[in-house]
Amino acid sequence: MLQIRNVTRRFGKHVAVDRVALEIPAGQMVGVIGRSGAGKSTLLRMINRLAEPSEGSIFFDGKEVSTLRGAALRHWQRDCAMIFQQFNLVPRLDVLTNVLLGRLNHRSTVLSMLKVFSDDERMQAVVALERLGIEQTAMQRAGTLSGGQQQRVAICRALMQQPKMILADEPIASLDPLNAKIVMDALRDINREAGLTVITNLHTLDTARAYCTRIVGMAAGRVVFDGKPHELTAAAVREIYGSDSAGAGIDETITSTSIGNGIKVPGPAAPRDKVSAAREMATSSV
Ligand SMILES: Nc1ncnc2c1ncn2[C@@H]1O[C@H](COP(=O)(O)OP(=O)(O)O)[C@@H](O)[C@H]1O
Ligand SMILES: [Mg+2]
């Protein structure tokens, strides 16, 4: 059980996350939705401590994780594997090595630096690649793969951490509809088969409805909806996405990646500045 207790995050005077309280029992597949700037990434990053709360605390299985330091913090970051919109692989390394990097937090620094992995770990990596249907790419440089394949490699790397939770920050925002479906199917299978909690930020409503057992809607840093997909009424959607989606009724295509539709193409991914991309690379747990 993950407990987020009245967590606030400020950047200067700006409140990015505003007194968020959530309890997430093990095994849920939670979609966090909301406009760009609603605070979704900041919330996710505070869970795995890529960002620190200004106020409030976060507990996992009764233990406070928002104050961990040193080795205990590294263990926690291993327990909640993170998946990013831009995959964050090492492009010049082969796929197998990228997957094995998920083991780094399990190993001594020297072995990590030498990238020495056991046969058992290599086997686990291959099994993960098979599970995601990309074992044939194992020896290719990660940078040569398509976006959809790269995100599957990132999921394999996350699985190698043997995490208790997977945190995914807009994992399909850079993908075409077919690859988006493959990646979301993979996350759902992992959730169902391994019972792993998955918390994923999505800026598209239809994906959250299709895949998640629980939807959390954020607006201006606050949780304005928390319920099952069928409870997400037009009024709730208006509250999440703002009143300008009211007028002619809710047009879900505005917030759609059209998974499974095959006609529409996704809108452009939210632009990311180089600084935040670099920060993610630098602080990513691999
Ligand atoms: N490192 C940062 N420095 C300053 N402001 C930030 C930083 N990270 C996020 N913000 C601000 O916090 C708010 C929430 O951002 P974010 O969590 O990225 O939202 P979302 O993921 O929902 O798009 C935004 O207004 C954003 O500009
Ligand atoms: Mg974001």
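FYI, it's all coordinate maths here, none of it is from the lab. The shown structure was predicted, so the numbers you read here are calculated from the model rather than taken from an experiment. FYI the Cβ positions are ideal-geometry reconstructions off the backbone, even for glycines, and counts take in every protein chain you see.
So the values come out like this:
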{"item": "Meets criteria (more than 30 Å from ARG122 (Cβ to Cβ) and surrounded by 20 or more Cβ atoms within 10 Å (Cβ to Cβ)) for ALA208", "result": "yes"}
{"item": "Condition check for LEU68: surrounded by 14 or more Cβ atoms within 10 Å (Cβ to Cβ) and within 16 Å of ligand 2 (Cβ to nearest atom)", "result": "no"}
{"item": "Residue match in segment 44-51 (condition: away from ligand 2 (no atom under 13 Å from the Cβ), surrounded by 20 or more Cβ atoms within 10 Å (Cβ to Cβ) and farther than 19 Å from ILE215 by Cα)", "result": "yes"}
{"item": "Condition check for LEU159: of a type outside the set (Ser, Thr, Tyr) and either surrounded by 23 or more Cβ atoms within 10 Å (Cβ to Cβ) or in contact (Cβ under 8 Å) with a residue 60 or more places away in the chain (or both)", "result": "yes"}
{"item": "Selection count, segment 70-104, where residues are over 18 Å from VAL127 (Cα atoms) and without any contact (Cβ under 8 Å) to a residue 60 or more places away in the chain", "result": "10"}
{"item": "Residue that is farthest from ligand 2 (Cβ to nearest atom), among those in segment 17-41 that are crowded, with 21+ Cβ neighbours inside 10 Å and farther than 12 Å from ILE215 by Cα", "result": "VAL20"}
{"item": "Selection status of THR213, under 25 Å from ARG19 (Cβ atoms), more than 16 Å from ligand 1 (Cβ to nearest atom) and within 14 Å of the chain's Cα centre (by Cα)", "result": "no"}
{"item": "Of all residues in segment 192-208 being of a type outside the set (A, V, I, L, M, F, W, C), in a helix (DSSP H, G or I) and in contact with a helix residue (DSSP H, G or I) (Cβ under 7 Å, 6 or more places away or on another chain), the one that is nearest to ligand 1 (Cβ to nearest atom)", "result": "THR207"}
{"item": "All positions within segment 82-101 that are in a strand (DSSP E or B) and under 19 Å from the mean Cα position of the chain (by Cα)", "result": "MET82, ILE83, PHE84"}
